[in-house]
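Written out below as C-alpha cells is the structure these notes cover.
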Amino acid sequence: MQRQTLNGPWELQQAGQDQRFEATVPGCVHTDLLAAGAIDEPFYRDNELRLLWIGEADWVYRRSFEVDAALLEHEAVRLRCHGLDTLATVRLNGDVIGRTENMYRTWEFDVKSHLQPGENHIEIQFDSALNYVHQREQAEKVLPAWGVGHHKLNGGGWIRKQPSNFGWDWGPMLLTCGIWRDIELIAFDTARLNDVLILQDHHTPGQVGLSVQVGVEQLDAAASLNAVSIVRFDGEVVAEASAPVSDGTSEIALTIADPKLWWPNGLGEQPLYEVEVRLIDAADTQLDSQSKNIGLRTLKLDRHPDEWGESFQFVVNGVPFFAKGANWIPADTFVTRLTPVDYRRLLVDAVAANMNMLRVWGGGIYEADAFYDVCDELGICVWQDFMFACATYPAFDSDYMANVKAEAEDNVRRIRHHPSLALWCGNNELEQGLVGDEWTDKTMSWDDYSRLYDDLLADVATTLDPQTDYWPSSPHTPVGDRRDFNNPDSGDAHLWSVWHGREPFEWYRTCDHRFNSEFGFQSFPEPATTATYTEPKDRNITSFVMEHHQRSGIGNSTIIHYMLDWFRLPTSFDNTLWLSQILQGMGIKYAVEHWRRAMPRGMGTLYWQINDCWQVASWSSLDYFGRWKALHYMARHFYAPLLLSAVEDLDQGTVAIHLTNDHLQAQSGQINWKLIDLNGAIVRDGSIDATIDAQKSQLIETLDLSTQLAEHGPRNLLLWLGLEQDGSVVASNLVTFVRPKHLELPDPQIAARVEDDEDGISVWLEVQHPALWTWVTLPGVDARYSDNFVHLLPGQPVEIMLSNLPNDLTPAEIQQRIEVHSLVDTYA
C-alpha cells in the first residue's frame, strides 16, 4: 500500500469570480477567507450577518501535485476523500471523476486512468448547500423543522450536512463548505484490507477471547492470502494468530490471558490493547495493515422490568454505574480548526468535573478520531447519536435512504472499536413532536420515521456492531405509547420544563425519570470572553450585539426571570454575567443532586451542554475558550464519587441529609454539621457517623431544626454540612432556608493570601463572616483554578491552587493583581 497525501496548500476561488486566495486543506471556505484577510472575524459583534452570502455562493478548490511513475505502476490507484462538505464535483486533469452529496461519508474514486506521471491538477467545486435545499423545497416539499426563522435556516433535512451549520439556538448561521478532512491518493496491488471488526468474548474467567473479522478487497481473486493479527499490551506481544482469506473474508481467533479490563472514569483504569492486522500474500509479503486500540470490557444498556417500570442503566463489566456527564456539540463552528490538543483540553476538563459519559448530540458531526481516542484514554463513555436532530427527513426518497445507509456504515465501522462507545442512538428529539400519523406541515409520518430509525439505522448498527446497543431516539419511551416521550417509568427523558416552561427549580425534585439525557439552564460567558466579541458600547445584555450572541428567543428574559427570583438585582454588566453563572450552576446542581439521591431508580444525568462553538450565551459549562463557568466548578462537586446533599422541608423545619456513593467499595466517615447565623456564629452543631454501601444512595439522618428556625428566622440561618474521612473534608454542602436574595449578608471581609511551595502557587481565602459563591480571578491572565465559586465560613480557610500561569508572573505580582468576589459584591 502506497499513500500520497494531498493535504496542505490549495487555492480557493468563488465560482464565477476572478480573485483567488491561498487555502489550507483540511479546512473550510470561512477559515481560508479569514486567513487571507478577505473577511472580518465572523464571531465579532454582528459580522455573521454580513457573511451569510458565503453560504449562498459556489466555491472552487484546486491545486497541482506531482505523481511519481512508480505510484501508477500499482494495479489500483484511488483518490480517497475522508470528508467533503458537501455538494462536490471532483475533477482530475479536467475529467469529472465523481460527485458527492454527504459530508459524513468517506468517498473513494478510481483515478489510475486519469493520472499521469509528473504534474497533475485536481479541482473540487462545492455548490451552495443553501441553494440546493431551497431548490428541493420548491420542487418537492418543505420538510418541517423546529427553530426555522429565528435562529435556523430552512431546508437542512434535505441534505446530509451538519444540521447546526444552518444555525441553532446556541450557534451562528455560517454555512460552510470545503475539504474538511484528509484527502489522499492510495495505491495497492493484489488486495487490501477494507474492514476490521473486533468482537470480544468475556464468558471464560481469567481470559478474554477475541474474534478479529477481516474484510478484504481482492483485485486478484485467485491470490492466496492470509490475515495475521498481533495483540500488544504496553508494547509487548500478548497474542498472535493467523487465518486464511476466503471469499474476501477471514476470521482470526485469539485469547488474551490475565486481561486488564477497561473501566469508565472513577471506576478503575483504562488499559488499552493494540490490535494489529496484517494482510500477507503467498510470498509472505505484507500488502496492507491496520492497527486499532481497544479496551477489554463489556458495556451494555440494561433494560429489565423492575419495581418502577423498566430500568435504563449502563453496565460495564457486569457492574451497573450512574452515568454522570453532559451533551457535546461541535467545539467550533468551523470544526476544521479543532486539533487533537483542543479535544484533549476539553475532555480533560470533563474528567476534572468527574464526568464518565458524554452524549455526541445528533445535530453536529460524527466526531474526529482524536475525540474518541482521548475518550478511550480518559474513561469517558460515549453515547453516539446518528446525525439527525429537531427536523424531519425524506425517508420516502430511496436515493436519500441509500445515502444515509452508506453514511451509517462508514461511521459505525470507523467508531465501533473504541472502548468508550456505549450506545448508538438514531436521532435527537424527533419523537418529541415531529412525528405524526401522516406528513403534515409540522410532522413526518410514523411509517417513514420507522423506516429510517427503527429499520435502516437499527439494522446497520446491530449488523456492523453487534456488541453495542441501539436506541432509536432521545428521548424515547420503549414501553407503551412512544408519543409519551418523557415517561418517568422507562426510557430516557429530556426535561425542559424549567428553561422552556419557567417551572421553579424545585420542579426538578418532582421528577423521578430513569435517565435524564437532556436538561439545562443558560448563562452568559465571563467578562473576559464577552470582551472578545463586543465593544464597550455593546456591554449591556439588551444591546443588539449581546442579543445577537443569544440565540434562544427566550434566553435573556428567562435568565433575568430566574435571577430576580433567587438573587438581588446585580449592579453592573460584569456582575450580571457572573451572577448568571451562579444561577445556572445552582439550578443544575438542584437537579443532579435530586437524581443522584434517587439512584437506582434513575441511573444517569447528562446536562445540556458541556461546550460552545463560539462566544455566546448558552447552556454550556465551558465557554468557547474553555474557560470554566461556575457550573463546571459545581459539577466537580455534584458529580464527585461521594455526594453529600440535603433536602430542606421548610414547613416542618427539617433537613434530610443524604449520602451518595459511586465507589465500588463501601465508604464510611463522619458528617459534621453546623447551623450558623449570618455573622458566622454557631447556633447548633453536631456529628453523625455514617457508613454507606458501594454504589448506594441513602438517607443518613433528618435534622429537626424547627426550634432554631423559629427563634432566629429562616432568613438569618445557614446550614453547613461536611463529610470527613481520615481528617479531610471530602464532600460538603450548604443549605439556605430562603432565597439568597433575602439573606442580609454582612461584608465577609475576605482575606486572600498567595503562597508558593512545592505543590505550586495557591491562594488561601479566609473570612470574618460567611461569603457565598466566592470566586477568584486574575485579570489579564487565563489562569486555571482548582476550585471556584466556593462558600467560605469563619474559621474554615480554603486553598485554591493556581495553574496555567505565565512563567514570569511572581507570587508577589499575583498578590497585587488577584481579585476575590462573592455574592454580596454583585449587588452591594
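The values are calculated or read from the model by the stated rules, or taken from the named source; none is laboratory data. This structure is a prediction, so every number in the text was calculated from the model and none was measured. We place every Cβ from the backbone using ideal geometry, glycine too, and count neighbours over all the protein chains shown.
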Completion exercise
Exactly one of Q116, Q138, Q125, Q162 is without any contact (Cβ under 8 Å) to a residue 12 or more places away in the chain and not charged (D, E, K, R), and that one is Q138
Practice task
Might you let me know whether segment 127-142 holds any residue that is in contact with a Lys or Arg (Cβ under 8 Å, 6 or more places away or on another chain) and surrounded by fewer than 22 Cβ atoms within 10 Å (Cβ to Cβ)?
Solution key: no
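Would you mind stating whether E276 is touching a residue at least 24 places away in the same chain (Cβ under 8 Å) and under 21 Å from G604 (Cα atoms)?
Numbers: touching a residue at least 24 places away in the same chain (Cβ under 8 Å): yes; under 21 Å from G604 (Cα atoms): no.
Criteria not met by E276.
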Practice task
Of all residues in segment 680-699, count the ones that are touching a helix residue (DSSP H, G or I) at 6+ places or on another chain (Cβ under 8 Å) and either not polar (S, T, N, Q) or not in a strand (DSSP E or B) (or both).
Solution key: 2
Exercise for the section: Look at L650 and say whether it is modelled with pLDDT under 95 and either closer than 26 Å to T530 by Cβ or not acidic (D, E) (or both). Expected result: yes
Exercise for the section: Kindly list the number of the only condition in (1) part of a helix (DSSP H, G or I); (2) crowded, with 20+ Cβ neighbours inside 10 Å; (3) in contact with a His (Cβ under 9 Å, 6 or more places away or on another chain); (4) not hydrophobic (A, V, I, L, M, F, W, C) that fails for Y343. Expected result: (3)
Exercise for the section: Kindly indicate whether any position in segment 578-600 is buried (at least 23 other Cβ atoms within 10 Å of the Cβ), at pLDDT 95 or above and outside any helix (DSSP H, G or I). Expected result: no
Practice task
Could you tell me whether segment 198-214 includes any residue that is farther than 29 Å from P271 by Cβ and among the polar types (S, T, N, Q)?
Solution key: no
Exercise for the section: Go through the residues of segment 168-184 one by one and say whether even a single one is modelled with pLDDT of 95 or more and surrounded by fewer than 17 Cβ atoms within 10 Å (Cβ to Cβ). Expected result: yes
Completion exercise
When restricted to G780, G760, the only residue at pLDDT below 95 and in contact with a strand residue (DSSP E or B) (Cβ under 7 Å, 6 or more places away or on another chain) is G760
Practice task
Can you confirm whether segment 206-214 contains a residue that is assigned by TED's automatic domain parsing to the domain that holds V277, surrounded by fewer than 12 Cβ atoms within 10 Å (Cβ to Cβ) and at pLDDT below 95?
Solution key: no
Problem - Which listed residue, of R192, R181, is part of a loop (DSSP other than H, G, I, E, B), of a type outside the set (A, V, I, L, M, F, W, C) and within 30 Å of V228 (Cβ to Cβ) - result: R181
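Listed residues T605, T571; which is surrounded by fewer than 19 Cβ atoms within 10 Å (Cβ to Cβ), hydroxyl-bearing (S, T, Y) and in contact (Cβ under 8 Å) with a residue 60 or more places away in the chain?
After ruling out the rest, the residue left standing is T571.
Go through segment 492-510 and give me each residue that's of a type in the set (A, V, I, L, M, F, W, C) and either surrounded by fewer than 20 Cβ atoms within 10 Å (Cβ to Cβ) or touching a Ser or Thr at 6+ places or on another chain (Cβ under 8 Å) (or both).
Across segment 492-510, the qualifying residues are A493, W496, W499, F505, W507.
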Fill in the blank from the handout: Okay, strands (runs of 3 or more DSSP E) sitting entirely in segment 60-103 with 2 or more residues that are touching a residue at least 24 places away in the same chain (Cβ under 8 Å) and either buried (at least 19 other Cβ atoms within 10 Å of the Cβ) or more than 35 Å from the chain's Cα centre (by Cα) (or both), I get 76-81, 87-92
Problem - Selected residue (only one of E819, E799 is charged (D, E, K, R) and surrounded by 13 or more Cβ atoms within 10 Å (Cβ to Cβ)) - result: E799
Exercise for the section: Quickly run through segment 658-673 and pick out the residues that are surrounded by fewer than 19 Cβ atoms within 10 Å (Cβ to Cβ) and either assigned to a loop (DSSP other than H, G, I, E, B) or among the basic types (K, R) (or both). Expected result: H663, L664, Q665, A666
Fill in the blank from the handout: Pairing a residue in segment 351-374 that is at positive phi with any residue that is crowded, with 24+ Cβ neighbours inside 10 Å and basic (K, R), where Cβ atoms lie under 7 Å and the two sit 6 or more apart in sequence or on different chains, gives N354/K324
Problem - Residue in segment 222-237 that is without any contact (Cβ under 8 Å) to a residue 40 or more places away in the chain and in contact with a strand residue (DSSP E or B) (Cβ under 8 Å, 6 or more places away or on another chain) present - result: yes
Fill in the blank from the handout: Note: among A458, A395, A406, just one is of a type in the set (A, V, I, L, M), assigned to a loop (DSSP other than H, G, I, E, B) and surrounded by fewer than 24 Cβ atoms within 10 Å (Cβ to Cβ), namely A395
Exercise for the section: Test I39 against the criterion of being surrounded by 13 or more Cβ atoms within 10 Å (Cβ to Cβ), β-branched (V, I, T) and free of Cβ contacts under 8 Å to residues at least 24 places away in the same chain, and give yes or no. Expected result: yes
Fill in the blank from the handout: In segment 20-44, anything of a type outside the set (A, V, I, L, M, F, W, C) and under 22 Å from N120 (Cα atoms) is listed as R20, E22, T24, P26, G27
